[in-house]
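Working notes, structure below.
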Protein chains: 2
Amino acid sequence: MDRHSSAPHGVRDLVVVGGGIIGLAVAWRALEAGLSVTVLDPDPGDGSTHAAAGMLAPATEAEFTEDAALHLHLAGAARWLPFAADLEAAAGRGVGLRESGTLTLGYDETDVALLRRVLALHGRHGVASEELTIAEARRREPLLGQRVRGAAWVPGDHAVDPRAVHAALWRVVAAHSRGAVVPRAAVRLEQQDGRVVGAVDDTGDRHRAGSTVVAAGWASAPLLAEVPGVAVPVRPVKGLTLRLQADPELAPRHVVRGLVQGRPVYVVGREPATEGPWAGHCELVIGATSEENPDDRRAPAGGVFALLRDARALLPAIDEAALVEATPRARPSTPDNLPLVGATHVPGLHLATGHYRNGILLAPLTAEVVVAGLTRSWFAVDVATTDPPAVLAALRATDPRRFPPRAPDPRTPDGAPR
Amino acid sequence: MDRHSSAPHGVRDLVVVGGGIIGLAVAWRALEAGLSVTVLDPDPGDGSTHAAAGMLAPATEAEFTEDAALHLHLAGAARWLPFAADLEAAAGRGVGLRESGTLTLGYDETDVALLRRVLALHGRHGVASEELTIAEARRREPLLGQRVRGAAWVPGDHAVDPRAVHAALWRVVAAHSRGAVVPRAAVRLEQQDGRVVGAVDDTGDRHRAGSTVVAAGWASAPLLAEVPGVAVPVRPVKGLTLRLQADPELAPRHVVRGLVQGRPVYVVGREPATEGPWAGHCELVIGATSEENPDDRRAPAGGVFALLRDARALLPAIDEAALVEATPRARPSTPDNLPLVGATHVPGLHLATGHYRNGILLAPLTAEVVVAGLTRSWFAVDVATTDPPAVLAALRATDPRRFPPRAPDPRTPDGAPR
């Protein structure tokens, strides 16, 4: 389990609970910082990472967010290009980053009015975007549906393939001399003298570490329910994405998103696959529904129907693509729509969860912030943006300590049963 | 391969090419008639049997057929009850026969007008059916959509679970002392002195037999292309079905089918599962598209969309069910929409293919007719119907010899290259 560690025998510098894109990004950056790391996950990457489309879309998501979130998302997007380049070099494989820009559409007049509100928001925050005529939009994207009424071009919103990113992260973490990915579920955290000192897995094995990062998505909340001094108000919100395979001439050239009679929908296209059963075809990901439901991993037929209806309104050629997957997963949502990233009031316990719809976008920045907190090297967080104070304010806004911890149960001091 | 045979060493009485529901039904009835049987199929039951919903619907399918087909289908339906009882007893497992009757619906006024034409056809042929008021229909099926305009009740149209039937057939054929299911593809038929004397598989092994039944769906045509004296004009027509899992209170009580703005759609519900991951849930099968396409086994998104759209127009609660499978398979269609069942002009060669949308419905009758021809025991075909001459005419209408054989290629007598 502890193959190569700079820490005392049997004790790692870091245990990461959760091997999705957030947990593995934290683990990789921690390994690069010289730490020894064990990641615990019974099925790494099978949570919301598996469903995510991979839009890196701070601007076109702006409608749904507040200012703090917009600045955070812009900073997150800015980390992606260097992160992807580093990761591809380290893993020796691609991560499907496609700097295509995003075409954003309004289906009817009301949708176009909402689209213009988002463009005005971009203007106020210095985000590049421009309204297009339908003729201009059709030149960019010949597959555009005939009934689309309005369009805009957002050159800085790109996409990445989350499954390719995850596979690359797994490779670099599992292959590292100080890294391990253990296919076990953490069932509780190990506590000692008011510190978190690791995790216990479902076989009863203890994984002790100087620090513990909980990056278990919505499942972080039940895992931490028994730890006093920390509040983790994340809840599962189910999202559904569809995966299709299309002939390249029937695949959109850019990320296409839009409002269709008030309902948001997006279509992310990948480059043609070079191997596998769909070699020569382009994967399309259509998303995403949002349902306040348990993580039952069931794809409701009504959600499949609604995604296809709205996506084919924007891009009718979707009818010709093969539907190969409907993937429902629950994302971790928080009361203020901002994630929980960094140290808590509990010594040894750090969080990296609550990213809701932005887990892919924020994975590189989250990893940097968490590892800076672990190594106390804040200077490393060199936020590349035109507006550093706003970004620093946004990072402060993700501090897990903003939610007041539950009062300890007087019957069970330190969480230990009497 | 030839474990127990009444025929000379290494030679079976019968080789059946194709282990779908038709091939295995023929094999089982042949075993019961005392023959030794080898079935060749690389993936038995993974053809159109895998997609089929299992409607036993001679009456509600009548719109699509001509008189000969209607009589054939009524005779086919009449065979199902004894066949299912026999098979369940022999296999020791259920086949999901549900004698629920069918509620057939018209969504708009034009659909209702077409529905009434079918009811009039039933009247002319003595098939039981009755128009219902919407209130009556809703009492039978409380989940009915609000916008449905017309309804009828067809008490004799039931459904069966094709995958359960296939599993039961496989068990009784593979376990039989004179039976074998060999997981190999037949690549050509073995010919000798103008007779078909078996098949050669994809490893080059010869499977010799007194008689050969080709029950390979649309693939029967390419397999027989090199056999002179027989014409097999079947072509693949792709159909798509969807499988969903619903809570029992959201599953229809009967087979529900209808026309929605001219498009036919059906929903077949099963009894709640008693085991497996969906225990306590009811499988729903929605079907079916028809596309003149190759058997590429791709589920076009436009087909999935159209099936969901039309099914939820009849039964809106479908939105709440989980979509678990989209299953595209090609059925064997013929120029006159009747199957090819029985002996050919070529000694030793029998056919059981071309059933298009009626392979499940006609499997028991097809097996009886083929085995009667093999054993020359025509008296066994005791067609239970009010109109035997019409049924006998329908059976004659399925004679494979109705299509004139291609003239033998003068360059390759008997199919052997010079």
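Things to note:
- Dipole of segment A:123-257 computed with +1 at Lys/Arg Cβ and -1 at Asp/Glu Cβ about the Cα centre; of A:A231, A:V160, A:A251, farthest Cα towards the positive end is A:A251.
- Per-residue mean of C-beta atoms belonging to partner chains within 10 Å, peptide B:303-312: 4
- A straight line joining the Cα centroids of segment B:203-275 and segment B:79-132 runs 18 Å.
- Counting Cβ atoms of other protein chains within 10 Å of each Cβ in A:291-301 and taking the mean gives 4.
- Overall form of segment B:95-144 per C-alpha gyration tensor (a/c, 1.5; a/b vs b/c): oblate
- Cα gyration tensor category, rounded, prolate or oblate, for segment B:165-234 with a/c compared to 1.5: prolate
- Value of [θ]222 nm, deg cm²/dmol, for the protein assembly as shown, DSSP H segments ≥ 4, -39500 (n - 2.57) each, nearest 500: -9500 deg cm²/dmol
- Whole-angstrom Cα spans of segment A:22-98 along principal axes, big to small: 39, 27, 23
- Most mobile of B:R208, B:R147, B:R235 in a GNM of chain B (Cα contacts under 10 Å): B:R147
- When a 1.4 Å probe is rolled over the protein heavy atoms, the share of accessible surface on segment B:4-95 that falls to carbon and sulfur comes to 52 percent.
- Along each principal axis, Cα extent of chain B, largest first, Å: 68, 44, 41
- Stokes-Einstein diffusion for segment B:264-314, with the hydrodynamic radius set to the Kirkwood value over Cα pairs and evaluated at 10 °C in a medium of 1.306 mPa s, equals 125 µm²/s.
- Based on the Kirkwood approach, the hydrodynamic radius assigned to segment B:49-133 is 14.6 Å, with every pair of different Cα atoms included.
- A 1.4 Å probe run over the protein chains yields, for segment B:34-97, 31 Å² of accessible area per residue, whole-number rounding.
- Principal semi-axes in Å for the protein assembly as shown [√(5λ), Cα gyration tensor, largest first]: 58, 31, 26
- Averaging the Cα positions of each part gives two centres, and for segment B:349-377 and segment B:173-202 these lie 17 Å apart.
- Degrees separating the helix A:21-32 axis from the principal Cα axis of chain A, which is the longest one: 60 degrees
- Here is the size of segment A:95-200 from its Cα atoms: Rg then Dmax, 22.9, 67 Å.
- Cα-Cα pairs of segment B:121-266 separated by more than 21 Å (percent): 66 percent
- Bridge type composition, chain B - antiparallel percent by DSSP, nearest 5: 70 percent
- Starting from the label point of A:S177 at 7 Å along Cα→Cβ, the same points in the other copies fall at 6.9 nm, in ascending order.
- About the centre of its Cα atoms, chain B shows a dipole size close to 540 debye [charges on the beta carbon of Lys, Arg (+1) and Asp, Glu (-1) only; nearest 20 debye].
- Counting only Cβ charges, +1 for Lys and Arg and -1 for Asp and Glu, the dipole size of segment B:241-375 around its Cα centre is about 260 debye.
- With the convex hull of the Cα atoms taken as the outline of segment B:58-101, the averaged projected area works out to 3.4 nm².
- DSSP-defined antiparallel bridges as percent of all bridges, the protein assembly as shown, nearest 5: 70 percent
- Cα-based shape type of segment A:197-347, given that a ≥ b ≥ c are square roots of the gyration tensor eigenvalues and the cut on a/c is 1.5: prolate
- Placing +1 on the Cβ of every Lys and Arg and -1 on the Cβ of every Asp and Glu, with nothing else charged, gives the protein assembly as shown a dipole about its Cα centre of roughly 320 debye.
- Between copies, the label points at A:G34 (set 7 angstrom from Cα along Cα-to-Cβ) are spaced 8.9 nm, reported in nanometres from shortest to longest.
- Note on the protein assembly as shown: dipole from Cβ charges, positive end direction compared against A:H50, A:V304, B:T241; the farthest Cα belongs to A:H50.
- Copy-to-copy label separations for A:P82, where each label sits 7 Å from Cα toward Cβ, in nm and ascending: 8.1
The values are calculated or read from the model by the stated rules, or taken from the named source; none is laboratory data. Values in this document were obtained by computation on a predicted structure and should not be read as measured data. Methodologically, a virtual Cβ is constructed for each residue, glycine included, from the backbone with ideal geometry; neighbour enumeration extends over all protein chains shown. Quick note on the areas: whole protein, heavy atoms, side chains included, nothing else; ligands and nucleic acids left out. Shrake-Rupley method; radii C 1.70, N 1.55, O 1.52, S 1.80 Å.
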